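The values are calculated or read from the model by the stated rules, or taken from the named source; none is laboratory data. Since the model is a prediction, treat every value here as computed from it, not as a measurement. Here the Cβ positions follow ideal geometry from the backbone for every residue, glycine too, while neighbour counts run over all protein chains shown. Please note that ligands, DNA and RNA were not included when accessible areas were found on the heavy atoms of the full protein model with its side chains. Shrake-Rupley method; radii C 1.70, N 1.55, O 1.52, S 1.80 Å.
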Amino acid sequence: MGTTKTVTSWCLYDWANSAFATTVMAGFFPLFFKQYWSAGISVNESTALLGLANSLSAVLIAVAAPVLGAIADQGSWKKKFLILFAYLGVLMTACLFLVQQGYWMAAVVLYALGNIGFSGANVLYDSLLTDITTEDTVDYVSSKGFALGYLGGGLLFSLNVLMYLKPAFFGITDGATAVRISFLTVAGWWGLFTLPLILWVPEVKKELPAGLNLVTAGFKQFGNTFRKVRHLRVLFLFLLAYWLYIDGVDTIIRMAVDYGMSIGFEASSLIVALLIVQFVGFPAALAFGWLGKKWDVKKSIYLAIGVYLIVTLYATTISREVEFYVLAMLIALVQGGIQALSRSYYSRLIPKNQSGEFYGFYNMLGKFAAIIGPVLIGAAGLFARRVIGLPEVLSARISIGAVAILFIAGGILLALVDEEAGRREATILAEAGELS
């Protein structure tokens, strides 16, 4: 395991980039996009545009991520690529400050590029974990980073919320200006707390064959991993189930505020709900990890899927802000747990001597999450409004309810996953080595 300084420096990147996930992705961007940048556009159209921005950026990084990670791994360029993507995200986030009212296209483009920077850097950040840990410490270090992410993102978001609610206290003219300034604080926070990783997290250097083409080698490594996954039937089934239900999870994270705005809740109430998720989620994630250990990991994942299904269906009926707070509390109880336990369950289905490349594939699949969901929400809302002719609020309720499809399908596929058969398949592959 790396030194305490090294481990803390790695974990601080989670503290750094979670500011984007909370203040921008989950909080102020969807709020500001609907109220300010897309002023004059209908509720359903603005929701569809936001969903499209999330989905397009997710598709781009998902397509590039596995090859990017393989190239970086082949050439020991993990940190170089991480710096490139992280500071792309920092720059695009800062540029959101400059976008004036009504310029929704500029906001969408900058947000999509910022999202690409955020997601691309995360692929490489995750891959550095194996360079600073051993098999015995990887869970502890990973959990520490996850915990600091909740805490750091929540602290900055709390400050940004105070700026928005009490702008005069900070010498700011109004709430809209406070939101724009918050994008600058995220950029500064993200950029500053990335520095410890740059300075003190080492990367394992590899001796490369003379004349190696990194791009060709990267594609070849990804192809080999994909070929192995196809031969592991149980693993492939789990990955498909994971992709569906985690898409639902990520969709709710990204679109919850937009939905609240669509059905008429005040922005301040939605922000309070996000703070509930952030600070309840920190201890709840640790408790859910304990539940998985003491009870059963697969059953615990099912519990989380069940809660999300209830949340999604209940969301179609709510009319009071207190009900939105209840939904936020329920989400906070399972959001971190379903992510952490899915990762640990996956470890049971892969060859132990090839965990690095298989976790790279797992991370790549995670980047494909939030592709179907946002488009599903936008399409369902527009269909209900324009084809069926339902009112905007009712159309919004139908659109969020459509996400339940992802949890139901993911849960059904997860039921077909036979853990013992998966272990046997992984053992055979581990003993056989590379497939011929």
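Between Arg424 and Thr137, how high is the FRET efficiency from 1/(1 + (r/R0)^6) when r is the Cβ-Cβ distance and R₀ = 30 Å? Nearest 0.05. Rounded to the nearest 0.05, the efficiency is 0.60. Protein heavy-atom surface of the stretch 232-341, 1.4 angstrom probe: 70% of the accessible area is carbon and sulfur, with nucleic acids and ligands not counted. Once you treat every alpha carbon in the chain as an equal point and sum by Debye, what is log10 I(q)/I(0) at q = 0.07, 0.12 Å⁻¹? With one equal scatterer per Cα and no solvent, log10 I(q)/I(0) is -0.33, -1.01. Label-to-label distance, Arg227 versus Ile310, with points set 7 angstrom from Cα along the beta-carbon direction: 4.7 nm.
Label sites at Ala287 and Leu91, each approximated as a point 7 angstrom past Cα along Cα to Cβ, lie 4.4 nm apart.
The Cβ shell under 12 Å around Val272 holds other residues with a net charge of -2, Lys and Arg each +1, Asp and Glu each -1. Between Glu431 and Val387, the simple spin-label model (points 7 angstrom out along Cα→Cβ) gives 5.3 nm. Grab the beta carbon distance between Gln35 and Ile405, set R0 = 35 Å, and tell me the FRET efficiency rounded to 0.05. E between Gln35 and Ile405, to the nearest 0.05, is 0.75. In the chain, helices alone account for a calculated mean residue ellipticity at 222 nm of -26000 deg cm²/dmol, with every DSSP H run of four or more residues adding -39,500 (n - 2.57). Residue separation of Lys5 and Ala168 scaled by 0.36 nm, minus their Cα-Cα distance, works out to 54.7 nm of gained length.
Placing unit charges on the Cβ atoms only, positive for Lys and Arg and negative for Asp and Glu, gives the chain a dipole magnitude near 220 debye about its Cα centre. Counting only protein heavy atoms and a 1.4 Å probe, the chain has 41 square angstrom of accessible area per residue. Each Cα pair under 8 Å and six or more residues apart adds its separation to the average, and for the chain the resulting relative contact order is 27 percent.
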